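Any read-out appearing in this document is the output of simple, stated calculations on the displayed coordinates, not a laboratory observation. Every value quoted in this text rests on a predicted model; they were computed, and no experiment measured them. Here the Cβ positions follow ideal geometry from the backbone for every residue, glycine too, while neighbour counts run over all protein chains shown.
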Amino acid sequence: MRPMRGFNGGGGSGFVGLESMAAKLAVALVAFSALFLATRGGQGALLLLNPADVLRGRVWELFTYAFIAPDPLGIIFGGIIIWSIGGFLESTWGSRRLLMASVGITVFAGLLTVLLALVMPMASAYAGGSVMTTVLWVAYGLVIGRGQANFWGIPLTGNWFAAIGAGFTVLRLLTAPSWQFLAPELFSLVLVFAYVRGASPKRLMLHLQHWRLQRQLRDRSKHLRVVGKEQRPPDRDQFLN
C-alpha cells in the first residue's frame, strides 16, 4: 500500500523549491493574475479566453487564460495547489509530463471550447486558473488511486480525493447560468482522466494507424475468393508428392 499523503491546507507531499516546474507555474499564475486584475478595465481582457477572439487570430489567449485567477482567493489557493500538488506530481512524473498535464490539458480544453463555439453560443470570456488547479487536483488523486490521502485531517483514498476535485466543478455547475460557462473545466475533467489512464497523442496516433491498417486489410480481403477443387487446373495435382 502506498503511504498516506497529506493535504492540510495545500500540502501534497510538501512544497518544492523555486527552481521546480511546479513553483514556476505557481509564480506564473500569481503574476499573470495580478496583471489581469491591474488591467482588467483595459488590455487585461486580452489575457482571458474569448472564443471569438481566438477565431480572429488571438491564439495566445489559449495559453494566457490558463494562468488567470480572477479573484484574490483564487490566486492564493490556486498558487498553493499548483505549487504543492504540482510538486508531488513533478516528483512522480518529471517536469515535462507535469507541464503537459497542467498547461497542455488546460490549453486543449480551451481549444475544444473554441471549436464548440463554431456550432453553439459560448461564454464570452474564460479564466483558466481554476481549470489548471482542477486538472492537478484530480490527477493527484488518480495517481494515488487506492492509496491513502489526507484531506484536512480526513483520511480517504486518492480516488475519493479526485472525486472531491471533480465535485467542486459539479457544484459550480449547479450555480452557473449554463454549462457553457464551465465548458473548459468540464472538458478538462475528461481529458485528465484519460491522460492519467495512459492516453496520449502518440498512443492515439498508434490506434489510428492500427485502425487504418485493419480497414485496409478488410477492404483487400473483399476482393479475394476461395478457389474450389473443381476450379483448379486438371494437371495441378500431379506436382504434389
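Here the range 52-133 was treated as a single set of alpha-carbon atoms; its pair distances binned every 5 Å from 0 give 3, 15, 23, 21, 17, 11, 7, 2, 0 percent. Here the Debye sum runs over all C-alpha atoms of the range 124-197 as equal scatterers in vacuum, and log10 of I(q)/I(0) at q = 0.18 Å⁻¹ comes out as -0.69. Couplings for the range 33-42, taken from phi via the Karplus curve 6.51 cos²θ - 1.76 cosθ + 1.60 with θ = phi - 60°, read 5, 5, 4, 5, 5, 6, 10, 5, x, x Hz in order; Gly and Pro are left as x. Spacing of the modelled spin labels on Val27 and Phe193, each 7 Å from Cα toward Cβ, amounts to 3.6 nm. What's the local net charge at Ala22, with K and R +1, D and E -1, over the other residues with C-beta under 14 Å away? Spelling it out: positives minus negatives among the neighbours equals +1. Put simply, when 18-28, 184-194 are sorted by average Cβ atoms within 10 angstrom per residue, most first, you get 184-194, 18-28. Here each label is just a point 7 Å from Cα along the line to Cβ, and for Arg172 and Met100 those points are 2.5 nm apart. Annotation for the range 61-156: trypsin sites (Lys or Arg not before Pro) lying in DSSP loop with at most 10 further Cβ atoms inside 10 Å of their Cβ are Arg146.
Once the convex hull of all Cα atoms in the range 21-201 is built, its volume per residue stands at 117 Å³.
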